[in-house]
Structures are given as structure tokens and as C-alpha cells.
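**Q** Mind looking over this structure? Questions follow.
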Amino acid sequence: MLEGGPQYQLRPGVKVVIFANSFASTIPPGYLLQGSRDELLQRVVALRDSLSRMSPDQLRVNEIDEEDRRIQLELYEKLSAYLRTSK
């Protein structure tokens, strides 16, 4: 992070993934992941696996319904495929 943030200066080879929630969401507005392609792929796969294993109770606690889970899993799959093939 640069002084006076929230600006960031990226090193060559670093990629960024930004997750932004719906405007109607009660969850904080989003977060940023940065790192090498392999690091980001690991994080996205971990997020996908964690979400796919959530019980109905865990989904409720995280304010996720089955439709939201399906959409998020599809996005994680698309992002994983992109990261696997990007250079």
C-alpha cells in the first residue's frame, strides 16, 4: 500500500483479484487479493472448496442461500480456469 492509501503499486508479475459484493448486501463492500498467478489460484481454490463444503447452518450464518452458493461457485470455477491458463 502506498502512503496515504488506499492506492497500491504492483510489482511486475503480480495479479489482482477484487471481490465486490452486491450494493444491497449487508456484508462489507469487498476485498482485494494480490499475488502471483499460482498464489491467487491457491486462494480461489481454497475459497471454492470452503464454500462447497459449507453446511446449511454455515450458509445461513454467512447469509448465503443455495442460489448464491451456486453463483459464487461458478465464478470461482471461471476465475480458476482463467488463472490456470493466464501467463
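The values are calculated or read from the model by the stated rules, or taken from the named source; none is laboratory data. Bear in mind the structure is a predicted one, so any value in this text is a computation, not a measurement. Neighbour counts run over all protein chains shown; Cβ positions are idealised from the backbone, glycine included. Please note that ligands, DNA and RNA were not included when accessible areas were found on the heavy atoms of the full protein model with its side chains. Shrake-Rupley method; radii C 1.70, N 1.55, O 1.52, S 1.80 Å.
**Q** Among what's in the range 41-77 and is under 11 Å from the mean Cα position of the chain (by Cα) and basic (Lys, Arg), pick the residue that is nearest to Lys15 (Cα to Cα).
**A** Arg43
**Q** Which condition from (1) open to solvent by 90 Å² or more (accessible area, probe 1.4 Å); (2) modelled with pLDDT under 90 is the one that Asn62 breaks?
**A** Single failed check for Asn62: (1).
**Q** Continuing with the same structure: Which of the residues spanning the range 1-23 are at pLDDT below 80, closer than 24 Å to Glu77 by Cβ and not β-branched (Val, Ile, Thr)?
**A** Residues satisfying the conditions are Phe19, Ala20, Asn21, Ser22.
**Q** Still on this model: Only one residue in Ser52, Ser86 is polar (S, T, N, Q) and within 18 Å of Gly35 (Cβ to Cβ). Which one?
**A** Ser86
**Q** For the range 35-46, what are the residues that are surrounded by 14 or more Cβ atoms within 10 Å (Cβ to Cβ) and out of contact with any strand residue (DSSP E or B) (no Cβ under 9 Å at 6 or more places or on another chain)?
**A** Leu41, Val45, listed by residue number.
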